[in-house]
1. Work out, step by step, the length gained on full extension between Arg103 and Tyr130: first 0.36 nm times the residue separation, then minus their alpha carbon distance; give nm to one decimal.
2. Between Glu29 and Asp62, how many nm apart are label points set 7 Å from Cα along the C-beta direction?
3. Would you list Ser21, Ser134 from fewest to most Cβ contacts within 10 Å?
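Bear in mind these aren't lab numbers, they're just calculated from the coordinates by the rules spelled out. This structure is a prediction, so every number in the text was calculated from the model and none was measured. For neighbour counting, all protein chains shown are included, and Cβ atoms are generated from backbone atoms with ideal geometry for every residue, glycine included.
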Amino acid sequence: MTDVDAVARDLRDRYGKAGVSGLSDAELEEVRRDQDVAELPREWRRFLSLMGRRVGGLLFVDTELFYPQILGLKTEALDEFPSLRGRIAHADGLVVVGLYQEREFYVMGGPHGAGAEVVRYVKGEDVPSYGWPSFTELLQYELSLPPRVEAEPGRRPSAFVRWRRKGRLG
């Protein structure tokens, strides 16, 4: 069992089997083609296959992390970062796994080491602003945030923090 499997199992326990829905093989192939990669990173592919369509009662406000909203994110990210376009566009295996508030792109693979690390690019910044060792660690980090964590000055709290404040994550 992978860490992604453990997260999916925990969420199924909270919301029931029907509340956590993954993608079909055809939909996974659609995502792979959309991201223009030979194959999806193994960890992200597992996430998509287990819970890429829906995760229970969680409302992912201001966050595009699920199918079909993730389609087109890589193209959008490349358009938003002209200074990085050449470096990012030709990175084998690079995928854009999410978008927060239409200004923060979560990028996995490519020029970031072994391809498992997830980094955050913020519009207006030329370099990644934060990173997680893996997609699962990004999920676990966000899911573990205490309910009263405040955002950095001038920024809204992440969608995960807002869900916890509403009592949706136990």
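1. Details: separation 27, 0.36 × 27 = 9.72 nm, distance 1.40 nm.
Here the answer is 8.3 nm.
2. In this crude spin-label approximation the distance works out to 3.8 nm.
3. Ser21, Ser134
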